[in-house]
Amino acid sequence: MKLLVLDLDGTLWDHEDASRLTPPYEFHGDYLVDSTGQELHLFPGVREFLEWARNRFFLSIASWNVEGKVRPILEGFGLWHYFIFPKIENHPNKADMIMRTLRELELLGYDVEGTIYVDDRDIHIEDVKTTVPSIRFIHMWEDVESFEELRKLLEKLG
């Protein structure tokens, strides 16, 4: 099975830095309001995409954020359980996050057949490709314009 690593800010939801939100969060379906009135919205199709992907990939996260602020968002939306070895860390080294996730899966005896990384920004991709040379990068909102298109592209890639 392949590893599918997702970014969060600007990829799963519309907020550019969810670590700036202030708990407690009030959840309303596919959006939340923090204690200062800021909103964060899941992009359309996120839930359906994760449900589709869960049996086809090892799903994980590589996100430059503060886990203590962002994990409660994923839990509040009911999305946390989709991910194995998620990395939500307050540094930009996504290559390290992805490499550690691969090692953790291999230590459990899983055979990872390839890695796909989805992010709305390509700023980290050169470092990631140096560390994980065989990785396939999908630039969200440029290579695909929706989670439905992402699903179709992943189906084509096999």
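Every read-out reported here was derived from the displayed coordinates using simple, explicitly stated rules and does not represent laboratory data. Not measured: the values here are computed from a predicted model. With ideal geometry, Cβ positions are generated from the backbone for all residues, glycine too; neighbour counts draw on all protein chains shown.
What to note about this one:
- Among H15, H81, H139, a tally of other beta-carbon atoms within 10 Å of each Cβ gives an order, fewest to most, of H81, H139, H15.
- Computed lengthening from N55 to L157, 0.36 nm per intervening residue step minus Cα-Cα distance: 35.1 nm
- Positive-end residue, the stretch 1-111 charge dipole about Cα centroid, Cβ charges, pick of P44, G78, L59: L59
- Helical contribution to [θ] at 222 nm, DSSP H n ≥ 4, -39,500 (n - 2.57), averaged over the chain, rounded to 500: -9500 deg cm²/dmol
- The Cα atoms of the stretch 55-113 give a gyration tensor whose axes a ≥ b ≥ c have a/c of 1.5 or more with a/b no greater than b/c, which makes the shape oblate.
- Which of Y31, Y117, Y82 has the fewest Cβ neighbours within 10 Å, and the rest in rising order: Y31, Y82, Y117
- Net charge of Cβ neighbours under 14 Å - reference S35; Lys, Arg +1; Asp, Glu -1: -1
- Per-residue 3J(HN,Hα) values for the stretch 77-87, derived from phi via the Karplus relation 6.51 cos²θ - 1.76 cosθ + 1.60 with θ = phi - 60°, read 7, x, 10, 4, 5, 6, 9, 10, 6, x, 10 Hz in sequence order (x marks Gly and Pro).
- Structure-derived log10 I(q)/I(0) by the Debye sum over Cα atoms at q = 0.17, 0.20 Å⁻¹: which label, when the choices are (i) -0.97, -1.19; (ii) -1.09, -1.27; (iii) -1.00, -1.38: (iii)
- Summing Cβ point charges (Lys, Arg +1; Asp, Glu -1) relative to the Cα centre of the chain gives a dipole of roughly 540 debye.
- Cβ-defined net charge surrounding R56, 11 Å radius [Lys, Arg +1; Asp, Glu -1]: +1
- Rg over Rh, two decimals, the stretch 1-62 (C-alpha only, Kirkwood Rh): 1.03
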